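A.B. asks: The structure's right below; bear with me while I get my questions together.
Bear in mind these aren't lab numbers, they're just calculated from the coordinates by the rules spelled out. Just so it is clear, the structure is predicted and the values come from calculations on it, not from any experiment. Cβ atoms come from the backbone with ideal geometry, glycine included; neighbour counts cover every protein chain shown.
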Amino acid sequence: MEQPRRTPPRPPQNRPRRTPPLPPQATGPGSGSGSGSRPGTVYRASGKRGGKAPRPVSPLVLTLRRFPNPRLTGLGSGLFCAATMLALAFLDALLFDGSIGVYGVLFVLVSALTAMWVRRADLVTAPVAVPIAFAVGILPVADGSGGLGGQLMGLVTALAMHAGWLYGGTLVAGLVVTVRGVRHMARRAARRRSLALARAGSPSGTDPATATSAPHPRRRTA
């Protein structure tokens, strides 16, 4: 009885796997066959579409931006102004023999710096602290005789005779504080307006900040 012949198993052949064709990569303008550029090179568009060119910043603004920009509280601004004016008054007495004109010019500059460096929550305190600093700093340059009564009389006389510098520095501080307050209110109004427009344009009146952060549902794959 003949038995069937068994053929030895053939070794598995390495068949090449079929891979899906890759999508065509983005090529830049002028990337032809003879241009010598590699496929898949991405070119950035030069300039903004429909946008305006940024305006050049003046050198004065650039110089002002380099200065320190601290934020002082109401008490800190008063102490800063008083201590600075007292130190400048001593320097005025040593270098310029107590010139009230030099002291007045320095007072106007310090008043402007105090109004610029006070924080937004304490803008009202700057015009109040500036006159007090003027009275404190004028003691070394006031013409008073020896004694407490003579010093007080010299202080009152100096305040009465040179009240123009006092009013000028206070007016400068008030103007700087007013401009800062108006700019802050304008920025807040513009921010609210843009937020209202974004909420009106979003679907079903949702907040755009929460809508962008919401997780997207995943698609089920078979």
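A.B. asks: Identify all residues within the range 69-107 that are surrounded by fewer than 17 Cβ atoms within 10 Å (Cβ to Cβ), of a type in the set (Gly, Ala, Ser) and not in a helix (DSSP H, G or I); write none if there are none.
C.D. replies: If the condition is that a residue be surrounded by fewer than 17 Cβ atoms within 10 Å (Cβ to Cβ), of a type in the set (Gly, Ala, Ser) and not in a helix (DSSP H, G or I), then Ser99 is the only one that fits.
A.B. asks: Another one. Does the range 99-113 hold any residues that are in contact with a Gly (Cβ under 8 Å, 6 or more places away or on another chain) and either among the β-branched types (Val, Ile, Thr) or free of Cβ contacts under 8 Å to residues at least 40 places away in the same chain (or both), and which are they?
C.D. replies: Scanning the range 99-113 gives Val108, Val110.
A.B. asks: Kindly indicate which of Leu155, Leu166, Leu159 is part of a helix (DSSP H, G or I), within 21 Å of Cys81 (Cβ to Cβ) and without any contact (Cβ under 8 Å) to a residue 24 or more places away in the chain. Write out each step before concluding.
C.D. replies: Numbers: Leu166 fails: without any contact (Cβ under 8 Å) to a residue 24 or more places away in the chain; Leu159 fails: without any contact (Cβ under 8 Å) to a residue 24 or more places away in the chain.
None of the others qualify; the one that does is Leu155.
A.B. asks: Test Val176 against the criterion of being among the β-branched types (Val, Ile, Thr), surrounded by 13 or more Cβ atoms within 10 Å (Cβ to Cβ) and part of a helix (DSSP H, G or I), and give yes or no.
C.D. replies: Taking the combined requirement at face value, the residue satisfies it.
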